[in-house]
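Okay, so here's the structure we're looking at.
Just so you know, all these numbers are worked out from the coordinates, no wet-lab data involved. Nothing here was measured: the structure is a model prediction, and the numbers come from that model. A quick note on method: Cβ atoms are made from the backbone with ideal geometry, for glycine too, and the neighbour counts reach across all protein chains shown.
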Amino acid sequence: MSITKILSITLAAAILTGCVGNPVEAFKLSATNLQDRQIQSRVYKKIKEESILAASAAVFQDMGYTLSESETRLGVITATKDADATDGGQVALAIFAALFGGGQAAIDDKQRFTTTIVVLPRGSSDTHTVRMTMQRVVWNTQGNVSKLETIKDETVYKTFFEKLSKAVFLEKNI
């Protein structure tokens, strides 16, 4: 293939891609975005980023998570945890439907929590903002995703950061 042909194809692709617009809502922040960020973030002073990451990894493991990805140069750790998602109410409805000829209903079966920590420097080299986000994917008995959501329960974040604060204290004093 000649260089002219390659350049022509590249130019045509660039022009066509430039014509495709993004949906307006793609960059729109939710009404609760600031509140969510405040719940998901804490500031830690007088500690190195590496120590915060080590403490975060330890807390995840203590909570039953498996570290799935880690990029310490960027200050990011991702951990996952699988759990049962069976809901008694759904089971009862499925049994009721089966008894009265409604067929086999899919019920929630398995779920995976994915949690990500991002550590960002804040001004000085020993002050950092730590942000944790958590998502949940639920699969039903037919293998389809039935729920995909970001966890917004303030108690979940508060519990994690209480444990992280204790672990950070230990990291600083070892």
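The figures follow:
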quantity: Estimated dipole of the range 31-172 in Debye, rounded to 20 [Cβ of Lys and Arg +1, of Asp and Glu -1, Cα centre]; calculated: 580 debye
quantity: Distance from the range 98-174 to the range 36-50 (C-alpha centre basis), Å; calculated: 17 Å
quantity: Sum of side-chain charges, Asp153 neighbourhood, beta-carbon under 12 Å (Lys, Arg +1; Asp, Glu -1); calculated: 0
quantity: Cross-link pairs beyond the 25 Å C-alpha cut-off, checked among Lys45/Lys163; Lys48/Lys152; Lys48/Lys81; Lys46/Lys81; calculated: Lys48/Lys152; Lys48/Lys81; Lys46/Lys81
quantity: Formal net charge of residues neighbouring Asp82 (Cβ-Cβ distance under 10 Å; K, R +1; D, E -1); calculated: +2
quantity: Net charge contributed by nearby residues that have their C-beta within less than 13 Å of Ser124 (K/R +1, D/E -1); calculated: +2
